[in-house]
Amino acid sequence: MQSQRELCSFPIAPSHKSKLTSAGFLITEDLKHLKPSELSKETGIGLEECLEILKLVCSESVDGSKRNEAPKPAVSALERLKEEQSLPPIITFSEGLDNMLGGGVPLCKITEFCGAPGVGKTQMCMQIAVDVQIPSQFGGLQGEAVYIDTEGSFIVERLVDIAKATVDHCNEMARLEGFKEGEITVESVLSGVHFYRCHDYVELLATVHLLPEFIKKHPKIKVVLVDSVAFHFRHDFDDLSLRTRLLTTMAQSFIKRATEFKIAIVLTNQMTTKFSPGEDSRLVPALGESWGHASTIRVILYWEGQKRWAWLYKSPSKKESRVPYQITMGGVRDIVTSPADNSNDQSDDEPSSKRQKVS
Amino acid sequence: MNTVEDLDVNPKIKTSMRKVGLTSYGQILTLSSQDIERLAKLSQGEVTGLKTAIAQQVLTHPLLTALDLQRGTKNCLQNLIIGKLSTGCKQIDDALRGGILSQGITEISGESASGKTQFCLQLCLTVQLPPEEGGLAAGAAYICTEDAFPSKRLSQMISYFRQRSEKRKQIPFGDNIFIEHVADLDSLNSCIHQKLPHLLSSGSVKLVIVDSVAAVFRCDYELKDMYKRSKHMASLAASLHRISSKYCLPIVCVNQVTDSMQSIGKKNIPALGLAWSNQITCRLSLSRTNREVDLPRIILKGSVIGGFPTSIRTLEVVFAPNLPNLSLMYVIDQEGIKALT
């Protein structure tokens, strides 16, 4: 990119600039590989000045090329597949939901949960922030989480509820499998959730900007959650094209981090009513059509009667499907059906001891 | 405040930015890096460094862990710790895990005469209690948009409230409740943006009640203006949230109900639609049942409590970040709202 930079954007004397332009040198690329004597002959600028100009222009582009690096060697699809499969997903403790997502919330991708207020978006985020910390001997990622709260709905006592249930579950599994108990405690879970409260979209942009440095300092981080991404972009935003640009840039930044650090990004979004002429109004995810392209995986949470449902709306690898779920004291869980139905659900590949149902 | 001048960066960068008129943090963070490079003639490294310096200034607190939040360690945390405000009835408090959240917008919706204003009046009293008793040791700002403020009822409640303990007799409850009447959205907004900050910065008020939000939005908008209505609601909610975070206090908004168009499920749903629901932190719903109960007559320090039949009402948690969908029954007597034992 730097090699395309116009010469007149550099701090060069105007008289030299006009000489460069009339000689046909317009962008940095044009000056590459030129000796000062050659440049002097072409433009009529003094030798010493040419040396200065080339030093100025080429040192910038040297920085540029260092930054842009040699292009990475192409990776075959098989290598990519192996890489993906070696990264376990983050489980949610709802087996139905995990199966629908292909094992859980995947790393290196953006997963978006959309839903009306009260359906469980914040609960889902808290559950994921806890589950990412499950020790590796239980099939977990043993990682940490960054939780960015934009709505003020992060209540620690609720996180403690969910952490307690997960810790109890892990300790029970440890007991059954002869591992040491106490690998994971409520305190360790709480200390593994890094929290930031954003009060407006500028703070959100600032947090996203500082994320890479933070993740480098805390390499155990395996998930970044934003609850919700919609909140600060839906009020007092008269310039919608600015909003779209900011959201797109933010999404690009997220996907870069996701792949660079091999982490999962989980975003929550609100719902809004869409009025189409000639059709009934319906609920759609907020932030517009262009935002729909930001996430890799989109799950819509909704109510049907008294039950909560999760609908896998968009996924690159799993087919569209819906599962019911519930929110208990301990967090997100499957709807417990009669024992006869349960026996049909044990269809995973992993040993069932690692996927014990949590009541 | 909040301009490039305050940053600890190379003066050359500051000059370049000033030359092109890009000085505020918000402006710089929202422009793309390439645009800034082009406009201010800076290198990519310089722009990244500038944005990083700004981002660090913009953040209001360092990244903490949930453990820090729980323990209340580190001084800069005070605004972030979300406590509870007692409702005045121990059983209701227990169900709500302490009371209403001490930050964010809690909505109380319900049909007329379900007890919404009662609930708000009660909160105006409990907020004045010391923290050990579940209060926030400060007064309340009560913004009325509908009927006149029920001063007589408040006086009655205050006299009963004081009876309960010696300590309470010391608190001049009536003096600490500031009442304002507004008729429409413009006056509500000016009250919130101009009058309230004066009151709040002195620290004498730790509860803001808007009774009701529905009245302001239900009449002045025609069908074709619904988009504008959503915008105004979002803007109002954002202002209220800002106040809540800045002054660390709960905002309670009263909402009305409207008929549900569904044939199954509830008859009534809260008014103002999804656009409003998306803005609030917690929604409580009050309703009357058709059952009645005879309240036993008690004499407490010379005053009569109970002794008349009254409707049984229900309080329901429609959504809250820390509560399940529970519901409990309550009655309203001379003292106020109490759970039915």
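Values in this text are rule-based calculations from the coordinates and carry no lab data. Quick caveat: nothing in here was measured; it's all calculated off a predicted structure. Reconstructed Cβ throughout: ideal geometry from the backbone, glycine too, with neighbour counts over all protein chains shown.
Under the definition of partner shielding as Cβ atoms of other protein chains within 10 Å of a residue Cβ, what is the mean value for peptide A:148-161?
The shielding value for this peptide is 6.
Taking N as the number of residues in the range B:4-58, what is its alpha-carbon radius of gyration divided by 2.2 N^0.38 Å?
In units of the globular-protein estimate, the range B:4-58 measures up at 0.94.
Between the range B:304-341 and the range B:1-50, what is the separation of their alpha carbon centroids in Å?
If you average the Cα positions of each part, the centres end up 57 Å apart.
Spelling out what I want: for every residue of the range A:317-332, take phi, set θ = phi - 60°, compute 6.51 cos²θ - 1.76 cosθ + 1.60 (Karplus), and round to whole Hz; glycine and proline get x.
Coupling constants for the range A:317-332: 10, 10, 7, 4, 7, 10, 9, x, 8, 9, 10, 10, 4, x, x, 7 Hz.
Ranked from highest to lowest mean number of other Cβ atoms within 10 Å per residue, what is the order of the peptides B:137-145, B:163-171? Can you show the working numbers first?
Working: B:137-145: 22.0, B:163-171: 12.7.
Ranking the peptides B:137-145, B:163-171 by packing returns B:137-145, B:163-171.
Per-residue Cβ counts within 10 Å, from other chains only, averaged over A:207-214: what number is that?
Per residue, the number of nearby Cβ atoms from other chains is 4 on average.
Can you spot the lysines whose alpha carbon is less than 28 Å from B:Lys195's alpha carbon? Ignore those fewer than 8 places along the same chain.
B:Lys84, B:Lys116, B:Lys152, B:Lys206, B:Lys228, B:Lys231, B:Lys246
In whole angstrom, how far apart do the alpha carbon centroids of the range B:252-275 and the range A:225-296 sit?
Between the Cα centre of the range B:252-275 and that of the range A:225-296, the gap is 27 Å.
Over 37 Å, how big is the tail of the calculated P(r) for the protein assembly as shown, in percent of all Cα pairs?
48 percent
Would you grab the residues whose amide H sits under 5 Å from the one on A:Ile90? Only those 5+ places off in sequence or on another chain, please, with H modelled 1.01 Å from N.
Excluding prolines and chain starts, which carry no amide H, the hits are A:Val105, A:Leu107.
Amide H of B:Leu295 versus every other amide H placed in the peptide plane: which residues, excluding those fewer than 5 positions away on the same chain, fall under 5 Å?
For B:Leu295, whose amide H was placed from the backbone, the distant partners under 5 Å are B:Gly307, B:Phe308, B:Thr310.
For the range B:183-212 and the range B:92-140, what is the separation of their Cα centres, given in Å?
The distance from the Cα centre of the range B:183-212 to that of the range B:92-140 comes to 17 Å.
Using modelled amide H (1.01 Å from N, peptide plane; none on Pro or chain starts), what sits under 5 Å from the amide H of B:Val205, excluding residues fewer than 5 places away?
For B:Val205, whose amide H was placed from the backbone, the distant partners under 5 Å are B:Gly139.
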